[in-house]
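Asks: My questions will all concern the structure given below.
The values are calculated or read from the model by the stated rules, or taken from the named source; none is laboratory data. For clarity, every value in this text was computed on a predicted model and none was experimentally measured. All Cβ positions, even for glycine, are placed from backbone atoms using ideal geometry, and neighbour counts span all protein chains on display.
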Amino acid sequence: MRGIGTGVLDRWFRASVCATALLAPFAAQAATEEDPWEAVNRPIFRFNDTVDTYALKPIAQGYQWITPQFLEDGIHNIFQNLGDVTNLANNILQLKPHAAGVDTARLIVNTTFGLGGFFDVGTRMGLQRNDEDFGQTLGYWGVGSGPYVMLPLLGPSTVRDALAKYPDTYTEAYQYIDHVPTRNTIRAVDVVDTRASLLSAEKMIRGDKYSFIRNAYLQNREFKVKDGEVEDDF
């Protein structure tokens, strides 16, 4: 599920571009420490990028072209509402009662007054959406991220975050849909909707695409795990 909107992604990628330029002298050393499996990760990245270029991206562009904006926003909101279940579970595991209360309130308000989440009533009421997953929960309790790893089809991750993907599936609605065609259709729409939300952000990528995505992912994960309290080494 998505945790951040397109506008936030745009701003975040712009910041990453500036940071990458400023911190370029330190990039080689950091990459060696964080990405010891680069020789394997790069071919997997090229495979993922090829699949995206010739399949997923064109589908996402077509989806965005034929779908009215209000409907696209509504579908996006529904998936985010489902994702709030994951946020709630992990905020409980991280002993964050206030955040868990916000998650609960958002689920109740958006599911009832927002017609199943089609309208994001919670945000309009000042209930800002959290973005938590089990990888962040493990990080919160001191589990290190481990080396960077590029997963086939799933994209950038770390050893910790890759292993944490499975526990999060128990908080996803797909797990409890017995009708296979329905489950696969909903999952496919979720993937396409997520890819469509990133179309406007990819123009922010500069230089080596693999390195940019790796650095952006690792910085973003550190920011999330530490709830924004990241030391600025520069």
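Asks: If you go through the stretch 108-126, how many residues are part of a loop (DSSP other than H, G, I, E, B) and either among the basic types (K, R) or surrounded by fewer than 21 Cβ atoms within 10 Å (Cβ to Cβ) (or both)?
Replies: 7
Asks: Looking at A31, A24, which is the one that is surrounded by 13 or more Cβ atoms within 10 Å (Cβ to Cβ) and modelled with pLDDT under 95?
Replies: It is A31.
Asks: Across the stretch 40-81, what is the number of residues that are of a type in the set (G, A, S) and touching a residue at least 12 places away in the same chain (Cβ under 8 Å)?
Replies: 2
Asks: Also, I was wondering about something else. In the stretch 128-159, what residues are more than 13 Å from the chain's Cα centre (by Cα), surrounded by 12 or more Cβ atoms within 10 Å (Cβ to Cβ) and under 21 Å from P43 (Cα atoms)?
Replies: G146, P147, Y148, V149, M150, L151, T158, V159
Asks: Now for a different question. Go through the stretch 181-218 and give me each residue that's among the hydroxyl-bearing types (S, T, Y) and farther than 19 Å from I78 by Cα.
Replies: S200, Y210, S211, Y217 - these are the residues of the stretch 181-218 that are among the hydroxyl-bearing types (S, T, Y) and farther than 19 Å from I78 by Cα.
Yes/no per residue for (1) closer than 25 Å to D49 by Cβ; (2) touching a Leu at 6+ places or on another chain (Cβ under 8 Å):
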| position | (1), (2) |
| --- | --- |
| T169 | no, no |
| Y176 | no, no |
| T182 | no, no |
| R195 | yes, yes |
| L199 | yes, no |
| R206 | yes, no |
| N215 | yes, no |
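Asks: Within the stretch 105-137, which residues are in contact with a Leu (Cβ under 6 Å, 6 or more places away or on another chain) and under 30 Å from L218 (Cα atoms)?
Replies: Across the stretch 105-137, the qualifying residues are R106, T137.
Residues are listed down the side, and each one gets a yes or a no for (1) under 24 Å from F212 (Cβ atoms); (2) polar (S, T, N, Q):
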position	(1), (2)
T123	no, yes
L138	no, no
G142	no, no
G146	yes, no
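Asks: Right, A196: under 17 Å from the mean Cα position of the chain (by Cα) and crowded, with 17+ Cβ neighbours inside 10 Å or not?
Replies: yes
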